[in-house]
Every structure is written in C-alpha cells, then in structure tokens.
1. In this structure, is Thr46 surrounded by 15 or more Cβ atoms within 10 Å (Cβ to Cβ) and more than 51 Å from the chain's Cα centre (by Cα)?
2. Would you pick out the residues in segment 390-421 that are of a type in the set (A, V, I, L, M), surrounded by 13 or more Cβ atoms within 10 Å (Cβ to Cβ) and under 46 Å from the mean Cα position of the chain (by Cα)?
3. Residue check: is Ile40 over 44 Å from the mean Cα position of the chain (by Cα), buried (at least 19 other Cβ atoms within 10 Å of the Cβ), in contact (Cβ under 8 Å) with a residue 24 or more places away in the chain and farther than 30 Å from Tyr175 by Cα?
4. Restricted to segment 49-81, and to residues that are surrounded by 13 or more Cβ atoms within 10 Å (Cβ to Cβ) and part of a helix (DSSP H, G or I), which residue is modelled with the lowest pLDDT?
5. Looking at Asn137, is it of a type outside the set (Gly, Ala, Ser) and modelled with pLDDT of 90 or more?
6. Filter segment 1-37 down to the residues that are part of a loop (DSSP other than H, G, I, E, B) and in contact with a strand residue (DSSP E or B) (Cβ under 7 Å, 6 or more places away or on another chain), then identify the one that is surrounded by the most Cβ atoms within 10 Å (Cβ to Cβ).
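The values are calculated or read from the model by the stated rules, or taken from the named source; none is laboratory data. All values reported here derive from a predicted model rather than from experimental measurement. Cβ coordinates were reconstructed from backbone atoms using ideal geometry, including for glycine residues, and neighbour counts include every protein chain displayed.
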Amino acid sequence: MDLGKLLSNLYSILKDASSKCKVLDESFPSSFHEKDPNKIFSSYCTYIKRRSDANGMIKNEDKLKLTTISQKFEDGFYAADQGGFYRLYHDIRLVCTMLIHYYSQGTRNYQMVDKFYKFATELLLRECYKIGMSLSNNKTSGKESAEPETELDSIIAHDFIKMSTTYKVSIAQTYHINTGDTDLFSSMIAKSNLDNRPPELPNSNFEINKVIPQTNICEEAPRFGFIAANTSNIPDPTLPPTEMMSRFLHPNWYALPTTVWLKYGDYKQWAPSFNENGTVVDSTTRGIIWLQRIGYLQLYQDEAKKTEGKEDTEVLSSEEPEGVNGTKTDDMGAESEDAKNNKAVQNGEGNNMNHEEKIDAVKEDVPDSLSDEAKDDQALPIKLENLLGWKPSNYIDNDEIDEFKSGTQAKLVTSILTKLQKLRKDRVSKKVYRPSVEETQLYNKAQRLLKEVILAKQISKLPMNHCRSFPVLQANYNGSIPVVRLQPTRKRKSKK
C-alpha cells in the first residue's frame, strides 16, 4: 500500500474541508508536542505560561518558531512510519482547541471549527483501521503469516488506540428554567467537546440539562392505543348518545344534479355574470343577487329615460302657442311703432327720426349671437355666494375651450405640465421656495383640465360583460339530506 499517496490524498481532502475555517493555515509553535492526547490543552497552557511575562506577553516572540499544518505536510513531517497519523491528529486537535477558545460559543465559525475537528478525526480513524486491516490480511494470505509484527504495524496500531480513546462525541445539552407553572426547555446548545470554558448561562435562573439518547432504538415506539384509554365500539347503554345526526348525509358525498346553464339566443345578456356548474347552491339566490346589483339599476335608468322623454314633449307642446302669440304681439308692436313714426314725421321731429335711424343701423351691424348672449347674461341671476366662493382656478381660458372642442386636450395638459416642471426646476435651482404667479396659474389650469377630463368620462356607459348562458333551475339541495341508512342484517341460516 502506497502510504505517501494516502497522505497526499488526506491533505487534499482536509484542505478542501478547511477552506472556510482555515484550520490548516493557522500558526502554532513548531516545538510543542504532547504524547498524551488527553493533556494537549493543559500542556499547551503550561507551555505558553512559561514563555510569557506577568502581563501575559510572550517573551522573545521573534525567537518562537511558528508553523502550520500545511507547511508540515509539504515538509513531509507526517510520515506514516514515524507516527504521522498521531502527529496529524495532535496538530489538528491543538489548532481546533485554540480556535474554539478564541471564538464565542454558538457562533458560525465556532461550529465550523468543531465540525472540521470531528470530520478530520473520524477520517484519520477510518484510514488507520483500513491500513491495519490491509496489513493483517496481507500477512495471513501469504507466507508472511509466521513473521512477527513489524514496526509499521505497531506504530499504526498505537496511533489508532491513542486517537480512538480520546475522541468523544459530546452529549447534547439544553437550557432549562422553571416558571412555576411549567418547565421550559431550549433547543440544543452547540458546545464543542474541546471547549473547556465554563458554560455561559443567559440568566442565573437557567440550568443546563443533558439530553440522554434513547437506548432501545431497535424497539418500536409505544403506540397511541397503549397510552390512551381503551374504548370499545359498543356504547354504554346507561350513557346518553353522543352521536348527532347519525342518519344524515351531506350532498357533497354524492353526485347530485345541479343547475345547468344553457344558451338562449338574444336573452343571454340578462343572465348573471358567473357560472355555477358543479355547485350545490340554488340559482334563485344568484338571480336575486344579480337583480339587486344590476336589474334594479337598469330598471331605474329605463324609467328615468321615459319620464325625461315625457317632460320634453310636454315642454314643446306648451311652448308652441306662446310662439304664435308672440308673433302676433311682435306684429302689433311693429304696427304701433310705424304709427308712432308717422306721427313723428307729421309733427316735424326730423332730428329724432335721424337718431333712431342711426341706432337701427348699428343694431343691424351687431350679430345676432352677441345680442342673444347679452340677453342670456341679463336673464341669469348673480348669486353672491358663488361670487364670494370664486377662486382663480375657476377661470377658464379660450385655449381650453378650443382644445376640448377639437378633442386635443391631452396635448394641452402635456404642454402645461412641461412648462410647470421647467418653472419649478428653475425655482428650486435658485433656492426660491415661493412659487411665482405664472407657476400658480399653470398649476390651477392643469388641475382644472385634469378634473374636467375625468368628469367628462362617462363611466355609466361602459360595457358590462355578462354570462352568455341562461340559467335553468333544477333540483338542488342545501345543507344535509335526510337519508335512512340501511342497517346490516345477518341472514339466518336455514336448517336442512
């Protein structure tokens, strides 16, 4: 068996395993060595104290030679025929003990170092056992069976005994506290077997308990039937019955007929907007919900349209005779004005007639639309409440009206917001916190335009998608169905 190749393989495995905890790269004194593995920690403490002063500083630190496990591997220090397995175990245990006492208990690095120590020790024990078994098999299989034990066999066996007797798996521990009512236990404490420090309790009221593993692993765990009370299937006749609705079945247990939705031509829009295939609920309930949410609203809107149409026809019918009378009165007024003018001419009022002719000429030049607007302004009453509540944002520009008429109000809003952003950016860059009059006007204008755009959207006229099928009511069942269960009866055997 090639022991040199075995050591190189061990080094590569341990190097990959210690890539995070860096055990192989940790420095330690090269001259320290302890033959008894149980005294490695105590001997190392004595070794350091001898070379330290009263303040704990190492004397002549420059003369103290340090090395690492990786460097010893490269120098060939761990040769198998020179007790290399125990030397490697000795150095790994020493470095892991140093790191365990350096890190705080329960931290990630603490647990990684402890895990590496267990892995490396078990790997060395396995390899020592494998080498010893292979050497013994070679002796018994050939002519070398009568030869005495070689020095290599004794060294490997001695190293295996040293490592196996000192390697122990720590007993799991938990914190325990008595609150008076109940006992509380924590999760497992991650404490290494190499940690010789006193336990760190979170509080003086806490205690540490050892978790003892189960010895009878091969035996089956006690079942619930052995722990709970034994109850028979036959009820006690002296006790009242504890079973409710023993002869009732739920409809979900059986395939019952449910409501089926069918397509029904032009009447499909009156159906509810959901399907109830595979349900047990009656379709009448769904129809009532649809009627309350959609049907009554549609009925109200139809009635409102009918009433508005009737009012419009009544107003038109009432305005027609007034218009006829109005024409007559206008004609009569014109005749009276002509008569007055004739009288004025007869009386020699020429100047007045010329003045009236000028006024009539001006009236003819004025368009009819302006005269109608003037009449409307005179007819509309002015409310002082609206006048006092008027704000600058209520002012409407002509470009707003033009954009709404042409349907390009979105471009106007975009341009206003762009100007507003530019003005605000210039104001902030100059550290002016009060907006200007132009910026305030643009802000009110943009707010007013957005409000009008939102209010102009007719939400009530949005299309409503309903189910394209018409409900057909079938036999549905709500709740439980009374069903008589068939009692099992035994047939009597006929005597032959």
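1. no
2. If the condition is that a residue be of a type in the set (A, V, I, L, M), surrounded by 13 or more Cβ atoms within 10 Å (Cβ to Cβ) and under 46 Å from the mean Cα position of the chain (by Cα), then Leu412, Val413, Ile416, Leu417, Leu420 are the ones that fit.
3. no
4. The extreme case among them is Ala80.
5. no
6. Ser30
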